[in-house]
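The values are calculated or read from the model by the stated rules, or taken from the named source; none is laboratory data. This structure is a prediction, so every number in the text was calculated from the model and none was measured. Note: ideal-geometry Cβ built from the backbone for every residue, glycine included; neighbour counts use all protein chains shown. These area figures cover heavy atoms from the full protein model, side chains too; ligands, DNA and RNA do not enter into them. Shrake-Rupley method; radii C 1.70, N 1.55, O 1.52, S 1.80 Å.
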Amino acid sequence: MTDHKNSNDGDDRSADFRKGERQAGSDVASAGANTEESWADFMAEHAGDLDDVENSRAARKFNRKAECEEKKALLDVEDLKKNAFVGGNRFTQPGPRDHAGTSWLDTDDVMDRYGEDFTPPNPSIGHVSPGRVVLWILFVAGILGIIASTLVPSLASVLGVIFGLCLIVGAGGLFATHRGHDDTKRDEDDDGARV
């Protein structure tokens with residue numbers, strides 16, 4: 001009979017495994033040394049693309065927003081009281097009911113203390129164009145007329161068409177004359193979202 005060579009012999013496998021471990025260890029060491037070189041090669045190879053990305057409009061917009069956010073201080077040391085860090089215990093520290101300032105409920109006392117020269121503001125609606133008033137009247141009349149036309153079944157088709165046109169003209173005119181909310185924008189990148 002012929003003896004077959006057993007490639008899964010225990011001694012041979014352990015020797016191959018140790019050889020593989022040594023080779024893998026040397027590969028990791030050489031990879032760590034080559035990381036900086038390969039990064040430098042990548043930067044040199046893609047320098048044009050990276051410059052385009054760096055000088056793009058989106059990158060400038062991102063940098064402006066990042067600079068603005070860096071300038072904003074989330075918390076200042078002056079905002080914190082000294083006893084927040086040292087001293088005091090839970091019985092001597094002020095609590096939520098220890099507020100010593102004035103409340104909005106004490107308006108009369110505050111007014112008496114600071115004098116009677118307070119003049120309340122006189123808000124005004126401003127100039128309202130007659131065209132917008134007419135559009136609002138058409139819009140409201142259209143809604144009320146459609147509701148009322150259901151109460152008169154014999155004239156519902158005629159009244160529904162008339163008041164439906166009033167509603168469409170009024171709503172369309174109000175939509176077309178709406179200017180938006182651009183008066184609250186601070187700069188060109190402001191999309192109007194507020195937190």
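Take SER38 and decide whether it is modelled with pLDDT under 70, surrounded by 10 or more Cβ atoms within 10 Å (Cβ to Cβ) and not basic (Lys, Arg).
No; evaluated as a whole, the condition is false for this residue.
Out of (1) assigned to a helix (DSSP H, G or I); (2) open to solvent by 90 Å² or more (accessible area, probe 1.4 Å); (3) modelled with pLDDT under 80, what's the single condition that is false for ASN83?
Only one criterion is unmet by ASN83, namely (2).
Inside the range 153-171, can you point out the residues that are open to solvent by less than 100 Å² (accessible area, probe 1.4 Å) and either within 37 Å of the chain's Cα centre (by Cα) or touching a residue at least 40 places away in the same chain (Cβ under 8 Å) (or both)?
Within the range 153-171, LEU167, VAL169, GLY170, ALA171 qualify.
Given the criterion surrounded by 10 or more Cβ atoms within 10 Å (Cβ to Cβ) and at pLDDT below 80, identify the matching residue among THR119, THR150, THR107.
The match here is THR107.
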